[in-house]
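**Q** Dropping a structure here in structure tokens format, bear with me for questions.
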Amino acid sequence: MGIVAMKKVVLYCMASQQERLMTELQKFGGLELVDVRSPEVTEAFPGLTSALDTHRLSQLEENLAKVEFCMDTIAQVDPPKKGMKKWLMHRPTLTYDEWHSRAVHIPWEKTWLALKQADETLRRNALDHSKASAEIESLGTWTALDVSTEDLQGLTFTGYALGSVPREEVESFAARLQEEFPTAILELIQPLKEESLVLILYHKDDREEIALLLKDHHFTNQSQTFEAPPSRMILARRERIEFLHLERQRVIDLIGSFRHSLDDLRLLRDYLASEVGKARDAERLAQSEHVLLAEGWVPGDRVEDLESLVRRLTREDYALEVSDPADHDAVPVLLKNNFFAEAFEPVTAMYSLPLYNETDPTPVYAPFMLVFFGMMLSDVAYGLCLSAGSFWALKNMDLKEHHRKFVKLFLFLGGSTVFFGVLYGSYFGDVLADLLPPLWIDPASDPLSVLKIAILMGTVHLFTGLGIKAYNLVKHGRIMEAVFDAGFWYMTLTGAALMLLGPAQIGKLMAGAGTLGLVLTQGRENKSLLGKLAGGLFGLYSITGYLGDVLSYSRLLALGLATGLIGSSFNLLVRLMGFNPLVVVFAVMIFVGGHTFNLFINILGAYVHAVRLQYLEFFGKFYVGGGRAFAPLTSELKYHILIKQEGSDHGND
């Protein structure tokens, strides 16, 4: 089917029905709202205003933030599952009505208050712990000091100086102090790497002279005060840290007691996130005192469902205009393909979605990519591993639709790998070469034949791209451009191939006619005759690009050879080790490790190069891209899956 046909809808209904309408449209999940307040509309209806309720949106966002805060706080003591465990954790399924009725009755406010207080306690606890640890570290050098600064400050006739002196000046300082102030006392507290901590006691009458002496010997005053001897202060800080550890554990246990609330919080989080999305989308609506105006895009095959929904909701009190997209409309793109081609849609989306009026390339390149990947990996055992892993993931992992398509892609690619592995006779390299010879050809012994096939397939691939270009031009009424930009290239390239492969005479005529046509038409947009001719010659130069594109398909041979030869190399290493029981373990390790490496590295290589051939060689011939994905109003769910209920069209993940 390709690109789904879209219809533009404009809905008029009573403004009082806005909340119910938005809820039902969200359940419907098939209408993308656009901002209806265009300059033309606001000029025609000057009384229209935005339908956004900013107060309600703010309240919803605040509540969502609080619920997510609760979940994050609980995650500190009960981390969510990650990696494979996360993918294997299946999300609960429920209907929209079940989801809504449960969410609105969850008493989460008390949980938030308790967790908020617990979080504040943990933060304060962490700050106190850091402060106490830093104080222990700073006090550690003063443990030999057996008095407090308060005791020293309380002396009546004695002054003191507490600080450090450079180690090289300690002796000279002590000698001069003893000589000039015989009553002064110098106590060495702690020698450090570059300085020594000292305490000087002196008579207060000598304060000024002592100050000059200290300055002469580069004394640095200790600014820290000690309310008790440092050793006792350290003991008190350690006791404080022990208390903080106990307090932290108590708070963590308290937070852990809310684990049972996680399921309700997740349900509420999904509900509030959807309500926020619905409230934000209301900004795209316009309303007057009594009338609500909405505009958007809906898939053509769901127009009747939408009208039925609106009719039921408004009891016939509505007006719905349905029209085809205009040329200037930015129409969203929704891809819909068969079971096989839809698996390749993520590849298209990674490059760029097609424009609405383009051809969806997905069903066209899907068979080519399938064959290219299979030719490059081309090993039965590797293909079985890839398909088996993909099948297991589809059956056992909780995958969203986009990821499910991507995994299904590798299921198909694995099947193609098995097919070409049988044709090439590759089973873990050459393990079964004697029992199961190639059904068709051995790339290692006859690489030229495989190269010719790769070049032929590349030519067909490129010609298909040119054909799509011609189809798009004809579809839009540009028939002569299709002849100029695709027809003449077909003639030139086909003629060149016939000149090499025969019949040469017919090839010369076709190539000559095609070349002449290209020279005369490729510069047609230029105004002057000389410019047209120069543009034509420059356009003809693109034939070198086609040659390079065709040669790019030689990678189908190169990567296929690499897979088989690397695998066979590991097999050879195992054979060279012999069958001695002592080396069996090492042989198994080499076989398993080597083929595991070869499997993953060549899956990556085959995928990257198969995609590259689509993006550069194939898309480069016709594809514009730049389409915008269809984004309907729907429920945003992270932890649950909504299933359809009888009489409802709603269901998503």
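**Q** Taking the criterion of being at negative phi, open to solvent by 40 Å² or more (accessible area, probe 1.4 Å) and among the aliphatic types (A, V, I, L, M), would at least one residue in the range 148-156 satisfy it?
**A** Yes, the range 148-156 contains at least one residue that is at negative phi, open to solvent by 40 Å² or more (accessible area, probe 1.4 Å) and among the aliphatic types (A, V, I, L, M).
**Q** Considering each of I455, I441, I468, I479 in turn, give the residue that is touching a residue at least 60 places away in the same chain (Cβ under 8 Å), surrounded by fewer than 20 Cβ atoms within 10 Å (Cβ to Cβ) and of a type in the set (V, I, T).
**A** On the way: I441 fails: touching a residue at least 60 places away in the same chain (Cβ under 8 Å); I468 fails: surrounded by fewer than 20 Cβ atoms within 10 Å (Cβ to Cβ); I479 fails: touching a residue at least 60 places away in the same chain (Cβ under 8 Å).
After ruling out the rest, the residue left standing is I455.
**Q** Return only the number of the condition from (1) out of contact with any Ser or Thr (no Cβ under 9 Å at 6 or more places or on another chain); (2) open to solvent by 10 Å² or more (accessible area, probe 1.4 Å) that P346 does not satisfy.
**A** (2)
**Q** Right, here's the next one. Using the structure shown, decide if Y427 is without any contact (Cβ under 8 Å) to a residue 60 or more places away in the chain and open to solvent by less than 60 Å² (accessible area, probe 1.4 Å).
**A** For Y427, the condition - without any contact (Cβ under 8 Å) to a residue 60 or more places away in the chain and open to solvent by less than 60 Å² (accessible area, probe 1.4 Å) - is met.
**Q** Another question, if that's okay. For Y546, indicate whether it is at pLDDT 90 or above, in contact with an Asp or Glu (Cβ under 9 Å, 6 or more places away or on another chain) and closer than 18 Å to I453 by Cα.
**A** No, not satisfied.
**Q** Now for a different question. With L386, L377, L411, L394 as the choices, which residue is touching a residue at least 40 places away in the same chain (Cβ under 8 Å), within 30 Å of T93 (Cα to Cα) and open to solvent by less than 40 Å² (accessible area, probe 1.4 Å)?
**A** Working: L377 fails: within 30 Å of T93 (Cα to Cα); L411 fails: open to solvent by less than 40 Å² (accessible area, probe 1.4 Å); L394 fails: touching a residue at least 40 places away in the same chain (Cβ under 8 Å).
Selected residue: L386, the only one of L386, L377, L411, L394 that is touching a residue at least 40 places away in the same chain (Cβ under 8 Å), within 30 Å of T93 (Cα to Cα) and open to solvent by less than 40 Å² (accessible area, probe 1.4 Å).
**Q** Here are R102, R124: which of them is surrounded by 14 or more Cβ atoms within 10 Å (Cβ to Cβ) and among the basic types (K, R)?
**A** Answer to the selection: R102.
**Q** Considering only residues of the range 606-626 that are within 20 Å of the chain's Cα centre (by Cα) and in contact (Cβ under 8 Å) with a residue 40 or more places away in the chain, which is nearest to P363 (Cα to Cα)? Working first, answer last.
**A** Of all residues in the range 606-626, those within 20 Å of the chain's Cα centre (by Cα) come to 607-608, 611, 626.
Add one more test, that the residue is in contact (Cβ under 8 Å) with a residue 40 or more places away in the chain, and what stays is 607, 611, 626.
On the way: Y607: 18, V611: 14, G626: 18 Å.
Filtering the range 606-626 for residues that are within 20 Å of the chain's Cα centre (by Cα) and in contact (Cβ under 8 Å) with a residue 40 or more places away in the chain, the one nearest to P363 (Cα to Cα) comes out as V611.
**Q** Let me ask you something else. Residue pairs, Cβ under 6 Å, 6 or more apart or interchain, first in the range 28-54 and under 27 Å from D305 (Cα atoms), second at pLDDT below 70 and surrounded by fewer than 21 Cβ atoms within 10 Å (Cβ to Cβ). List them.
**A** F28/D649; G29/H650; G29/N652
**Q** Okay, next question. All but one of (1) in contact with a strand residue (DSSP E or B) (Cβ under 8 Å, 6 or more places away or on another chain); (2) under 30 Å from V474 (Cβ atoms) hold for Y365; which doesn't?
**A** If we test Y365 against (1) in contact with a strand residue (DSSP E or B) (Cβ under 8 Å, 6 or more places away or on another chain); (2) under 30 Å from V474 (Cβ atoms), just (1) comes out false.
**Q** Since D305 meets every condition but one in (1) at positive phi; (2) under 37 Å from the mean Cα position of the chain (by Cα), which condition does it not meet?
**A** (1) is the only condition that D305 fails.
**Q** Across the range 531-543, which residue is modelled with the lowest pLDDT among those that are open to solvent by 70 Å² or more (accessible area, probe 1.4 Å) and farther than 14 Å from G517 by Cβ?
**A** Filtering first and then ranking leaves Y541.
**Q** Of the numbered conditions (1) farther than 19 Å from A606 by Cβ; (2) basic (K, R); (3) modelled with pLDDT of 95 or more, K408 fails exactly one; give the number of that condition.
**A** Only one criterion is unmet by K408, namely (1).
Residue by residue, here is whether (1) surrounded by 14 or more Cβ atoms within 10 Å (Cβ to Cβ); (2) over 15 Å from V276 (Cβ atoms); (3) at pLDDT 95 or above holds:
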residue: E32; (1), (2), (3): yes, yes, yes
residue: P39; (1), (2), (3): no, yes, no
residue: S50; (1), (2), (3): yes, yes, no
residue: T54; (1), (2), (3): no, no, no
residue: E61; (1), (2), (3): yes, no, yes
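**Q** What's the total number of residues in the range 425-454 that are within 20 Å of T596 (Cα to Cα) and in contact with a helix residue (DSSP H, G or I) (Cβ under 8 Å, 6 or more places away or on another chain)?
**A** We begin by selecting, within the range 425-454, every residue within 20 Å of T596 (Cα to Cα); these are 425-433.
Among the residues that remain, those that are also in contact with a helix residue (DSSP H, G or I) (Cβ under 8 Å, 6 or more places away or on another chain) are: 426-431.
Final tally of qualifying residues: 6.
**Q** Can we say L306 is touching a strand residue (DSSP E or B) at 6+ places or on another chain (Cβ under 8 Å), open to solvent by less than 30 Å² (accessible area, probe 1.4 Å), more than 22 Å from V10 (Cβ to Cβ) and at pLDDT 95 or above?
**A** no
**Q** Just for the range 173-194: of the residues that are within 14 Å of L162 (Cβ to Cβ) and touching a residue at least 40 places away in the same chain (Cβ under 8 Å), which one is most open to solvent (accessible area, probe 1.4 Å)?
**A** Q190
**Q** OK, next. Counting only residues that are acidic (D, E) and open to solvent by less than 70 Å² (accessible area, probe 1.4 Å), which one in the range 127-146 is farthest from R240 (Cα to Cα)?
**A** In this case the residue turns out to be E135.
**Q** Follow-up. Sort through L604, L573, L613, L582 and tell me the only one that's open to solvent by 80 Å² or more (accessible area, probe 1.4 Å) and under 29 Å from G545 (Cβ atoms).
**A** Selected residue: L604, the only one of L604, L573, L613, L582 that is open to solvent by 80 Å² or more (accessible area, probe 1.4 Å) and under 29 Å from G545 (Cβ atoms).
**Q** Determine if the range 630-640 includes at least one residue that is open to solvent by 40 Å² or more (accessible area, probe 1.4 Å) and not in a loop (DSSP other than H, G, I, E, B).
**A** no
The values are calculated or read from the model by the stated rules, or taken from the named source; none is laboratory data. All of these numbers come straight from a predicted model, not from anything done at the bench. Because the Cβ atoms are built from the backbone with ideal geometry, glycine has one as well, and the counts that use them run over all protein chains shown. Please note that ligands, DNA and RNA were not included when accessible areas were found on the heavy atoms of the full protein model with its side chains. Shrake-Rupley method; radii C 1.70, N 1.55, O 1.52, S 1.80 Å.
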